[in-house]
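Participant: Please find one structure pasted underneath; my questions will follow.
What follows is calculated from the coordinates using simple rules that are stated; it is not laboratory data. Keep in mind that what you see is a predicted model, and the values were worked out from it rather than measured. Cβ placement follows ideal geometry from the backbone for every residue including glycine, while neighbour counts extend to all protein chains displayed.
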């Protein structure tokens, strides 16, 4: 039982006893549910760490691009005889840097979007689980209220008096 869906929670059946559901089964089920939620939260933390790492990588690539541009400017200021060669080489390096930066930006944006989607899915899942837990709590509260009403009705209905009256009537009818 590693994944939960709302119907799994609503469809869970517990053995019935005189006092209601089996406390052990309910406790075990809720423990498993808590374990799954804990795993989801842990996974969300790991995804946040990955986003942070990717942001650091992107920053490093931007610093590299800046360094490449500065190298190009320095090459252009060198002797006039090497300006053309340096410009072509620098332009090639810049183009590669832009291509690399573009590819990295696309990949980073895709990863960020995927992470945002996962985080959104986790938030939705958390809301679903919370709603299901609220439904379960309402159900249990309803069962407790029904049991209290039954107990009050049982107290209000004299069980032995009815039996004694019936026994007396039988004895009188025989005599």
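Participant: Once label points are set 7 Å from the Cα along Cα→Cβ at both residue 110 and residue 134, what is their separation, rounded to one decimal in nm?
Facilitator: 3.9 nm
Participant: If you don't mind, another one. Within the stretch 36-73, find all residues whose amide N lies under 12 Å from a label point positioned 7 Å from the Cα of residue 122 along Cα-to-beta-carbon.
Facilitator: Counting only backbone N, you get 37-52.
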